[in-house]
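*Asks:* Before anything else, here's the structure in question.
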Amino acid sequence: MKDETTIKLNLEKNLKKIKHKIIVLSGKGGVGKSTISANLAVMLADKGYKVGILDSDLHGPSIPKLLGIETKKPMVTDTGIQPVFAMPNLEVMSIAFLLQDKDSPVIWRGPLKMGAIKQLIGGVEWGNLDYLIVDLPPGTGDEPLSILQIIKDNDGAIIVTTPQDVALLSVRKSINFVRKMNVPVIGIIENMSSFTCPHCNRTINIFKTGGGLKASMDLNVPFLGNIPLDPEIVEKGDLGITIFSKNKKSATMNAFIGIIKKIEEKNK
């Protein structure tokens with residue numbers, strides 16, 4: 001492993017080449033944070049931005065699967081690790097690419113995790129990017145703390161939640177966590193907000209609805225939008241395909257388009 005001075009210099013060099021760094025996190029697992037990260041990255045890349053997505057979940061990396069590139073391997077050169085391209089303008093790095101097989105567990109303690117995260121940022125040839133989307137593991141433990149300490153000059157954090165009260169409790173902790181780290185909150189996304197029956201078109205609030213908006217108002221942070229509970233997201237995710245489609249408009253697509261516009265407006 002490279003010495004600390006070299007790693008620090010590489011980190012600084014790489015981060016200077018990235019215009020906008022967006023952290024995506026959630027207070028608990030199972031809210032669809034990685035799915036949202038993957039779809040936002042794809043839509044930004046399709047708009048012509050140069051985008052990178054860092055899957056920093058060392059124990060449950062899922063971005064390669066969601067983007068259909070889990071069998072690919074990054075090239076290692078004299079200058080560093082080359083990220084894997086999921087599509088033109090979208091490069092990806094994840095610990096999943098470096099494991100012996102997809103079923104291999106990562107059984108590491110804190111210092112090893114910190115070293116791995118530094119390598120995934122500083123040891124990877126990200127190049128000049130418009131956006132780096134950093135998909136954090138759930139919670140406020142070692143990995144989220146390490147990322148926020150390393151990427152200090154970031155645009156802020158997007159908090160993903162589902163509407164029910166148990167998830168919103170974790171949202172409040174996440175917001176307080178990033179505020180203590182002096183990281184601005186870009187906004188809250190409420191995922192799995194409602195379900196529209198494909199047979200009768202009736203809207204059913206399976207996990208309730210409106211909790212994300214209420215939390216944003218209570219905590220004085222922006223609300224980015226509601227994403228419906230959409231079976232197509234699940235089906236496409238399992239196939240390694242994102243929800244994005246130029247030729248198809250849906251409530252889910254419109255929700256993502258609205259969120260992207262708010263992100264772009266913030267960075268003007």
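*Asks:* With respect to the numbered conditions (1) under 18 Å from the mean Cα position of the chain (by Cα); (2) of a type outside the set (S, T, N, Q); (3) not in a loop (DSSP other than H, G, I, E, B), which one is the sole condition not fulfilled by Val183?
*Replies:* Of (1) under 18 Å from the mean Cα position of the chain (by Cα); (2) of a type outside the set (S, T, N, Q); (3) not in a loop (DSSP other than H, G, I, E, B), only one is false for Val183: (3).
*Asks:* Further question on the same structure: Which ones in the range 118-136 are surrounded by 22 or more Cβ atoms within 10 Å (Cβ to Cβ) and either without any contact (Cβ under 8 Å) to a residue 12 or more places away in the chain or closer than 28 Å to Gly212 by Cβ (or both)?
*Replies:* Residues satisfying the conditions are Tyr131, Leu132, Ile133, Val134, Asp135, Leu136.
*Asks:* Counting only residues that are part of a loop (DSSP other than H, G, I, E, B) and within 12 Å of the chain's Cα centre (by Cα), how many does the range 32-63 have?
*Replies:* Result for the range 32-63: 5.
*Asks:* What are the residues in the range 137-149 that are of a type in the set (A, V, I, L, M) and either modelled with pLDDT of 95 or more or crowded, with 22+ Cβ neighbours inside 10 Å (or both), if any?
*Replies:* Scanning the range 137-149 gives Ile147, Leu148.
*Asks:* State whether one or more residues within the range 15-28 are under 10 Å from the mean Cα position of the chain (by Cα), of a type outside the set (Val, Ile, Thr) and part of a loop (DSSP other than H, G, I, E, B).
*Replies:* Filtering the range 15-28 for residues under 10 Å from the mean Cα position of the chain (by Cα) gives 22-26.
The next check asks that each one be of a type outside the set (Val, Ile, Thr); those that pass are 25-26.
Narrowing further to those that are part of a loop (DSSP other than H, G, I, E, B): 26.
Yes: one or more hits.
*Asks:* So how many residues does the range 22-39 have that are touching a helix residue (DSSP H, G or I) at 6+ places or on another chain (Cβ under 7 Å) and surrounded by fewer than 21 Cβ atoms within 10 Å (Cβ to Cβ)?
*Replies:* 1
*Asks:* Select from the range 1-31 the residues that are modelled with pLDDT of 90 or more and small (Gly, Ala, Ser) and list them in ascending order.
*Replies:* Correct list: Ser26 only.
*Asks:* While we're here: I'd like to check which helices (runs of 4 or more DSSP H) are fully inside the range 198-268 and have at least 1 residues that are of a type in the set (Phe, Trp, Tyr).
*Replies:* The helices (runs of 4 or more DSSP H) meeting that bar are 251-266.
*Asks:* Go through (1) farther than 16 Å from Thr252 by Cα; (2) within 16 Å of the chain's Cα centre (by Cα); (3) crowded, with 20+ Cβ neighbours inside 10 Å; (4) not basic (Lys, Arg) one by one and return the number of the condition Ser170 breaks.
*Replies:* Every listed condition holds for Ser170 apart from (2).
The values are calculated or read from the model by the stated rules, or taken from the named source; none is laboratory data. On a predicted model such as this, the values are computed, not experimentally measured, just so you know. Glycine also receives a Cβ, built like all others from the backbone with ideal geometry; neighbour counts cover every protein chain displayed.
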